[in-house]
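Engineer: A single structure is presented below for examination.
The values are calculated or read from the model by the stated rules, or taken from the named source; none is laboratory data. It should be emphasised that the depicted structure is a prediction, and the values quoted were computed from it without experimental measurement. All Cβ positions, glycine included, derive from the backbone under ideal geometry; neighbour counts span all protein chains shown.
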Amino acid sequence: MKIAVISGKGGTGKTYFSTSLAMSLEEADFFDLDVEEPNGYIFIKPVISDEVQYILPVPEIDEDRCTFCNKCAESCAYNALSILPQLQKALFFPELCHSCGVCSFVCPVDEALIEVDKDIGVIRRGKFSRGNFIEGKLNIGEPSGVPLISGIMKDHLNTERTVIIDSPPGTSCPVVESIKKADYVIIVTEPTPFGLSDMKLVIEIVKDLGKRTGVVINKDRGDSKDTEEFLRKCGIPVIFRIPYSLEIQKSYSKGIPLIDTVPGIGKKLKRLYEDISNG
Ligand code: SF4
Ligand code: SF4
């Protein structure tokens, strides 16, 4: 099973839940794909064995060789290039580039457009008590985590193993990228009007992708009537509840995992995983 844990916004307890879910299993890999601010390591406490920069090829145009024929810009599906023949200028917008390589393929002039390396982030690999730990961290200022997330999923996902994925928060493209290969998506929410509003947005994404889904209610005080009512209408089950408790909040702020805070919760999480696996 590949299980992705998502939330409509940050701070709902997504990482707190996903780390303990991974730690409740006998064997599992943990992927921290919350690439703008990965913090699963705080609870998982992995031993990191290697760290590699994640490099993408991007075009670089030599204006002395370029004939300003515009073929590269015409072929770029993402409008990342603009050729200005009158000014003898070639503009490149790196934040729009998807490193597809089409521009270098179509350029008819030798060495006018070459591909150069662009460092967009780092991938850390290691081990934790249950298996492999993989974390992606995007460089500050990088416009999108999608290439880093798709690179990690392509190069490091072992389809034979159970994988718990801590996805980015929100509803943007990196979230979609992180759940594409998941068999099941867990949405972590809080029983507040904001929590409900953000949960509605992520449910739309999960529905569009046709994923099996369940919801975890964090900070549950028995006042989640609106959330439950909405979920009932959507046919999405509440699969787990984390109670509202001062002890849990204190433990969380010290980096102590949920599984080491609430007695017996590890067994419940393991049972939850088995229920999900058995469909
Ligand atoms: S690599 Fe692809 S996306 Fe980037 S500028 Fe070239 S054609 Fe456009
Ligand atoms: S295709 Fe090559 S020669 Fe033509 S504008 Fe682009 S970089 Fe210049």
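Engineer: Out of all the residues in the stretch 103-130, which are farther than 30 Å from residue 68 by Cα and either free of Cβ contacts under 8 Å to residues at least 24 places away in the same chain or buried (at least 19 other Cβ atoms within 10 Å of the Cβ) (or both)?
Structural biologist: 121, 123, 128 - these are the residues of the stretch 103-130 that are farther than 30 Å from residue 68 by Cα and either free of Cβ contacts under 8 Å to residues at least 24 places away in the same chain or buried (at least 19 other Cβ atoms within 10 Å of the Cβ) (or both).
Engineer: Considering only residues of the stretch 64-94 that are charged (D, E, K, R) and more than 8 Å from ligand 2 (Cβ to nearest atom), which is surrounded by the fewest Cβ atoms within 10 Å (Cβ to Cβ)?
Structural biologist: Taking the candidates together, the pick is 64.
Engineer: Counting only residues that are touching a Phe, Trp or Tyr at 6+ places or on another chain (Cβ under 6 Å) and surrounded by 14 or more Cβ atoms within 10 Å (Cβ to Cβ), give me the helices (runs of 4 or more DSSP H) lying completely in the stretch 172-279 with at least 2 of them.
Structural biologist: Those helices (runs of 4 or more DSSP H) span 265-277.
Engineer: With 163, 176 as the choices, which residue is in the same structural domain as residue 199 (by TED's automatic domain parsing), closer than 28 Å to residue 100 by Cβ and either under 10 Å from the mean Cα position of the chain (by Cα) or of a type in the set (Ser, Thr, Tyr) (or both)? Please lay out each step first, then the result.
Structural biologist: Details: 163 fails: either under 10 Å from the mean Cα position of the chain (by Cα) or of a type in the set (Ser, Thr, Tyr) (or both).
From the options 163, 176, the qualifying one is 176.
Engineer: Among the residues of the stretch 92-108, count how many are over 30 Å from residue 136 (Cα atoms) and more than 10 Å from ligand 1 (Cβ to nearest atom).
Structural biologist: Total satisfying the criteria: 1.
Engineer: Can I ask one more? Can you name every residue in the stretch 125-153 that is within 18 Å of residue 257 (Cα to Cα) and among the basic types (Lys, Arg)?
Structural biologist: Those that are within 18 Å of residue 257 (Cα to Cα) and among the basic types (Lys, Arg): 127, 130.
Engineer: Checking residue 103 against (1) near ligand 2 (Cβ under 9 Å from one of its atoms); (2) assigned by TED's automatic domain parsing to the domain that holds residue 139, which single condition isn't satisfied?
Structural biologist: Looking at each condition in turn, residue 103 falls short on (2).
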